[in-house]
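Working notes for the structure below.
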Amino acid sequence: MEHQEAIGISILNMIHNRSASGCLVRAQEILTELKGQGLLESVGIELETHLKTMLKQVLEKNQDIQEIFGRKEVSYYYSVRSMTEAYAGILVWKSEDPLWLIAEVVRESSKVYPSPVPVVSFREPPFDLTLETILECFKAFGEGREYQDICQTITSTGTIFLYSSLHLDSDYAAMLAEWIDVGQADNP
Amino acid sequence: MGSDNRRHEVLAQTLDLTDASLSFSRREFLLITGGMIVAVSALEAKGAKEAPLIIMDQAGGLVISDSTKCVGCRRCELACTEYNDGKASPTMARIKISRNLNFGPKGLYAGQHSEGNWGNGLVIQDLCKQCPHPVPCANACPNDAIVVRPPTNARVVDLNKCIGCKMCQRACPWEMMSFDSDTNKATKCFLCDGSPKCVEACPSGALAYVAWRDLTDSVPPRVVPTAIVSPEKAQTCNECHKK
Amino acid sequence: MGKYGGWAGKVLRVDLSTGKISTEGTTEKYKDFLGGTGIGYKVIWDEVPAGTKPFDPANKIVYGVGPLAGTGAPCNGRTAITTLWPTCWPSPLVASGHMGGQFAAELKYAGYDAIIIEGRADHPVWLSVSDGKVEIKDARRLWGQGIRMTTVEINQLMGPEASVAAIGQAGENLVPMSVVINSYSHSAGGVGGVMGSKNLKAIGVRGTGSVRIAGNKEEWEKVVKLHLSILGANNQNVVPNVPQSWAEHYNPGSRWVASAGRRWGAADPSIDTGSCEPHNLNRIAYRTNNAAFFLGDKAWQYTVRGNGCTACPIRCHTMLKVPAVSVKYGIPAVGQNTCVGLLFGRSFFKTFPDGPKGQTAIEACMVGMHLADDLGVWDNYGQLQRDFQELYYNGVFNSKVREKEFKGYSWDKYEQGDPTFLFELLPKIANREGELATALGLGTGYLLERWGIPEQQWLENHELLYWKQGHPKHHSNEDAGQCGVIINTQYNRDAQCHSHSNFTRNGLPIEVQKRLAAELWGSSDAVDAVGAFKPMNVYKARMAKWSILRKELHDCLSLCNWMGPWVASPLKERGYRGDDSIESLLYSLATGDQMSRQELDKIAERIFVLQRALTIRDMGTKDMRTKHDTIPDWVFTDPKDKDAFSKGTIRMDKEDIKLAMDTYYEEMAWDKETGSPTAAAYRELGLGNVAHELAKKGLVP
């Protein structure tokens, strides 16, 4: 059906374009866009179900289109041509919960490199959190079960780093933070 | 119908170079044929063995440069000669950076406000403008060795004809002609037949390959060129430009 | 046309005592040593007898480049300078310095692979090399001038394209802590005084020739593009330092600092470094901004652009324009350098009013570069500045220097972090004015001796980073545990080896590094995460050997060891693998001399072992293990007294390091007890005559 094809192509283009500009796409946004293009007029009441089917088809037909789920069972779409899964993950966290964003980034970094994360980096792209937001998040760290593992370490120049105690102990995190902030420049 | 017949006649006669008794001017010829020919041969060249070549057609493409982005790495020069000639030779490179790298195009005598690594950092990249008619290097060549090569219509040295006299070097106001000391022949930017190697090689994207436009009025010349036109060509010029 | 491509074909020999100028065939005489330090060590071995001192006329300086210099091979703009080293203490030994810029390429285009300077001129001279025309010229008018003026004057004589390597007042005054500089900011440490001792003010080179690529030009283009495709940013860091949409990984410690919003702020118009997706080879030059990396985000607004050596797309030098400094200090607003050269001025000060990454620190860097790169003062990889802080704040200056002289310095300015202090200090070092400046100019070893300070104090101090023989560590255990320690024992100056640290700092997750390490050195146990070091194993010794050999190879081919080797890459589709054979691919195609990776590494080993032999010969002992390959005490301590091999420390263990050295000597097939190559080891590398000479003196185990 030509009409279905047109919808499919529209969805695909939207995901490609948004990914290329470094953004994810939510199902809701696709719905709005398709409505705006007048492509859903003949579909009738069950828009959401129809959309779900269309999306599934797009995913099946196009290897580069991926679906990623947030915490609240919201799904996002992106193209691996422009964006890695890791980056998409950051964007999901950012749009859902900055606290969760910081925690997940810090945990991942503490585990994988391993490396603590300078707090100031969360103010820069792609995180773009405000100072107020970050300070709010600080309150939650160290308290409550969910964020107990997120800890601070401060270097000799006063730079604050965050790390997860699940993966780094305090001495190790302190040493690594000092190395990144001061040591590497002293040993150029 | 009359003008069409005339057109056929002209073309037929053009192809027959031994017929020296033609009754129309160069200019008329160009007007008749629409001026869209690549080069003009002198139809009334008395005593000439071969008719001189004068490039008329414009180039299709051009390499342009952004000096703010040039980081002075010289990879463009190296790509030009390594990938085309199998040797690394900035002296022979058809894009020219090295002469401006330290002190800018004006060299050491520019006083306080020089460019280049020792001045404000700006590296001016010198590029062939693929000049429109009249093409200085081509017109200076005594052997008509600079020709137009499709599909880019770049002005290119025909190595079979070049005798290495270096008149073309003297003629270019921007000193863009190169000389290959291994072959003893001139060489110049030929746009790598549409995929310029320098553009590909630049690590800062300072070069671009674009549709041709006339830069001969906007880029200051480096030298006052020595422009000498041979008698045969002079005749052609005169005929074409006569009212 | 010569038999081989790559090489220019001639080595230039200049005897400044007699004025004799001659040439030798490069491949006829030196092919087994490739170029660069290879030719350097060979000349020193054959022609400079043991017991010669750095400033004797009998010492020689070899400016060597390799077959890849001047080509389009990425990262090839390096000249290696080999000579007897003035700051090597207690007795001088052979070492090499390196300078980038345009000099190496220009030398090749002039038709030379190396310049050997011999003897001593009886008045100041400079060497003019203009294609085939070589002349020794009078430099009396240039003598006494800084490097900048000297360079400009020589360019006025030779044309604006000539590349000039010059010494400043420091080198003229035989200050051991002195450099030679070409192309504005590219210095080779340690050799300025040797040139000064020969009355050689500068070498000016102009070349209009070419370097022939022997292999098929399409093949060459492919290999060069392969090399470009696996490049990262400076120091071959292969992940960005903030998340990028195209990147799976990122690492805050990475030198790949390009990102949307980070602009070359002083360019006109300013340029966004943006997303540097690694397949886009037209954006490589934006990845690195060492000024921003070292001086903080404030440096972005002052960045004009990157700069650096011929043919290198990385541009590790940053050109900065800081208008305030011309008003405040009367120096040019534009300055440029990288790493230690960039930090020269800042490193002296313990503190600045606005912190280590503030405006004043940047201004101190500008002042430092302006002075040091003109006077030609060397800082011995930051040891000068660390010593300075130590000696001041512990009252040593106060006690060793006469009161009148001591009070002549504006110490209040120094303590406040006022960059104008550098105007007092650096010219004095260059001109040997006063006890303080003279002592500092000698280099750490001779300074300690002069002032009766036991070297032991420096060997125990965790902050001074001193290693041995008057020089600091250079990427040791803090970067690569035992591998780094081994490497730092092997040279007669700071190790100048980055093969290992480029790998461990590449920014990839430790699991990926381990996977690559397994392929390269035999096991994932070859590398540990920094600060979580594990006990020694044979793979770490293999990595150490590989690191050293590749450094020598790079110094001989003219490839930059601050970038290579290229065994990791930013490409996910390659599993982040680089190419361990890229050197041999480039070499084979450029020269037409087919060599495999292993064969080329063997030549590198020959060159390194010759360096070893020279060290043994000139120390007059074969007991390298205890007399030369020493490790400072601080390596075995920790400020918090954490145990070795616990997490959060770089502390090494004495027994484990003993094992490390054992294992390394075994890997090298040297005698374990002495750490000296055996006769068999020499012969295996074609150095049988070397073994013979050493054996005569009882220096072969």
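Scanning the range C:123-182 for residues that are hydrophobic (A, V, I, L, M, F, W, C) and within 22 Å of the chain's Cα centre (by Cα) returns C:147, C:164, C:165, C:166, C:167, C:170, C:174, C:175, C:177, C:179, C:180, C:181. Looking at the range C:654-701 only, could you name the residues that are part of a strand (DSSP E or B), over 23 Å from residue C:599 (Cβ atoms) and not acidic (Asp, Glu)? C:676 - this is the single residue of the range C:654-701 that is part of a strand (DSSP E or B), over 23 Å from residue C:599 (Cβ atoms) and not acidic (Asp, Glu).
The set of residues in the range C:545-595 that are more than 25 Å from the chain's Cα centre (by Cα), under 22 Å from residue C:281 (Cα atoms) and surrounded by fewer than 24 Cβ atoms within 10 Å (Cβ to Cβ) comprises C:571, C:572, C:573, C:574, C:575, C:577. Regarding residue C:658, is this residue over 28 Å from the mean Cα position of the chain (by Cα) and within 18 Å of residue C:467 (Cβ to Cβ)? Answer is no for this residue.
Checked against the criterion of being hydroxyl-bearing (Ser, Thr, Tyr), within 29 Å of the chain's Cα centre (by Cα) and within 30 Å of residue A:170 (Cα to Cα), the candidates C:630, C:626, C:649, C:663 yield just one match: C:649. Of the helices (runs of 4 or more DSSP H) contained entirely in the range B:18-115, those carrying at least 3 residues that are at pLDDT 55 or above, within 14 Å of another protein chain (Cβ to nearest Cβ) and on the phi < 0 side of the Ramachandran plot fall at B:75-85, B:98-101. Of all the listed residues (C:178, C:183), the sole one being in contact with a Gly (Cβ under 6 Å, 6 or more places away or on another chain), among the small types (Gly, Ala, Ser) and within 10 Å of another protein chain (Cβ to nearest Cβ) is C:183.
As a summary of the residue check, residue A:135 satisfies the conditions (1) surrounded by fewer than 22 Cβ atoms within 10 Å (Cβ to Cβ); (2) of a type in the set (A, V, I, L, M, F, W, C); (3) in a strand (DSSP E or B); (4) not assigned by TED's automatic domain parsing to the domain that holds residue A:20 except for the one numbered (3). Residue A:40 falls short on exactly one of the conditions (1) away from every other protein chain (no Cβ under 14 Å); (2) within 18 Å of the chain's Cα centre (by Cα); (3) in contact (Cβ under 8 Å) with a residue 12 or more places away in the chain, and that condition is (2).
Does residue A:73 fit the bill of being among the acidic types (Asp, Glu) and modelled with pLDDT of 90 or more? Answer is no for this residue.
When you scan the range C:504-514, do you find a residue that is more than 14 Å from chain A (Cβ to nearest Cβ) and either farther than 21 Å from residue C:627 by Cα or in a helix (DSSP H, G or I) (or both), even just one? Scanning the range C:504-514, I find no residue that is more than 14 Å from chain A (Cβ to nearest Cβ) and either farther than 21 Å from residue C:627 by Cα or in a helix (DSSP H, G or I) (or both), so the answer is no. The range C:351-470 holds helices (runs of 4 or more DSSP H) entirely within its bounds, and those carrying 2 or more residues that are modelled with pLDDT of 95 or more, over 21 Å from the mean Cα position of the chain (by Cα) and acidic (Asp, Glu) map to C:403-407, C:411-416, C:455-460.
Restricting A:3, A:50, A:16 to those that are surrounded by 14 or more Cβ atoms within 10 Å (Cβ to Cβ) and more than 14 Å from chain C (Cβ to nearest Cβ) reduces the list to A:50. Inspect all residues belonging to the range A:83-105 and state whether any of them is outside any helix (DSSP H, G or I), closer than 30 Å to residue A:58 by Cα, assigned by TED's automatic domain parsing to the domain that holds residue A:26 and over 16 Å from the mean Cα position of the chain (by Cα). Checked the range A:83-105: no residue is outside any helix (DSSP H, G or I), closer than 30 Å to residue A:58 by Cα, assigned by TED's automatic domain parsing to the domain that holds residue A:26 and over 16 Å from the mean Cα position of the chain (by Cα).
In a residue-by-residue description of the range C:65-84, the property of being among the charged types (D, E, K, R) and closer than 27 Å to residue C:689 by Cβ applies to no position. If only residues of the range B:162-184 that are free of Cβ contacts under 8 Å to residues at least 60 places away in the same chain, surrounded by 19 or more Cβ atoms within 10 Å (Cβ to Cβ) and in a loop (DSSP other than H, G, I, E, B) are counted, the one that is nearest to the other protein chains (Cβ to nearest Cβ) is B:177. Within the range C:259-301, the set of residues being of a type in the set (Ser, Thr, Tyr), within 12 Å of chain B (Cβ to nearest Cβ) and more than 24 Å from the chain's Cα centre (by Cα) comprises C:270, C:273. If I filter the range C:256-268 for residues that are farther than 30 Å from residue C:335 by Cβ and touching a Pro at 6+ places or on another chain (Cβ under 6 Å), do I get at least one hit? No.
Residue by residue, here is whether (1) more than 25 Å from the chain's Cα centre (by Cα); (2) hydrophobic (A, V, I, L, M, F, W, C) holds:
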{"residue": "C:205", "(1), (2)": "no, yes"}
{"residue": "C:228", "(1), (2)": "no, yes"}
{"residue": "C:236", "(1), (2)": "no, no"}
{"residue": "C:245", "(1), (2)": "yes, no"}
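Residues of the range A:138-151 include at least one that is surrounded by 15 or more Cβ atoms within 10 Å (Cβ to Cβ), under 30 Å from residue A:186 (Cα atoms) and either aliphatic (A, V, I, L, M) or within 8 Å of chain C (Cβ to nearest Cβ) (or both). Among the residues of the range A:70-101, those identified as within 22 Å of residue A:144 (Cα to Cα) and touching a helix residue (DSSP H, G or I) at 6+ places or on another chain (Cβ under 8 Å) are A:70, A:71, A:72, A:93, A:94, A:98, A:99, A:100, A:101. Evaluating residue C:226 against the criteria (1) within 30 Å of residue C:151 (Cβ to Cβ); (2) in a helix (DSSP H, G or I); (3) assigned by TED's automatic domain parsing to the domain that holds residue C:309; (4) hydrophobic (A, V, I, L, M, F, W, C) leaves one unmet condition, (1). Number of residues in the range B:185-227 that are assigned to a loop (DSSP other than H, G, I, E, B), more than 13 Å from residue B:65 (Cβ to Cβ) and within 14 Å of chain C (Cβ to nearest Cβ): the value is 3. Please indicate, with yes or no, whether at least one residue in the range C:15-27 is touching a Leu at 6+ places or on another chain (Cβ under 6 Å) and assigned to a strand (DSSP E or B). Yes, the range C:15-27 has at least one match. Between B:93, B:79, the distinction of being closer than 22 Å to residue C:131 by Cα, among the aliphatic types (A, V, I, L, M) and touching a helix residue (DSSP H, G or I) at 6+ places or on another chain (Cβ under 6 Å) belongs to B:93 only.
Scanning the range A:10-40 for residues that are over 14 Å from residue A:53 (Cα atoms) and of a type in the set (Val, Ile, Thr) yields a count of 3. Tally time: how many residues in the range A:152-188 are within 30 Å of residue C:347 (Cα to Cα), facing chain C (nearest Cβ under 8 Å) and either in contact (Cβ under 8 Å) with a residue 60 or more places away in the chain or charged (D, E, K, R) (or both)? Count: 5. Taken over the range A:102-119, the criterion of being surrounded by 22 or more Cβ atoms within 10 Å (Cβ to Cβ), within 11 Å of chain C (Cβ to nearest Cβ) and aliphatic (A, V, I, L, M) is satisfied by A:105, A:117.
The values are calculated or read from the model by the stated rules, or taken from the named source; none is laboratory data. Computed from a predicted model, the values in this text were never measured in an experiment. Note that we place each Cβ from the backbone using ideal geometry, even for glycine, and neighbour counts take in every protein chain shown.
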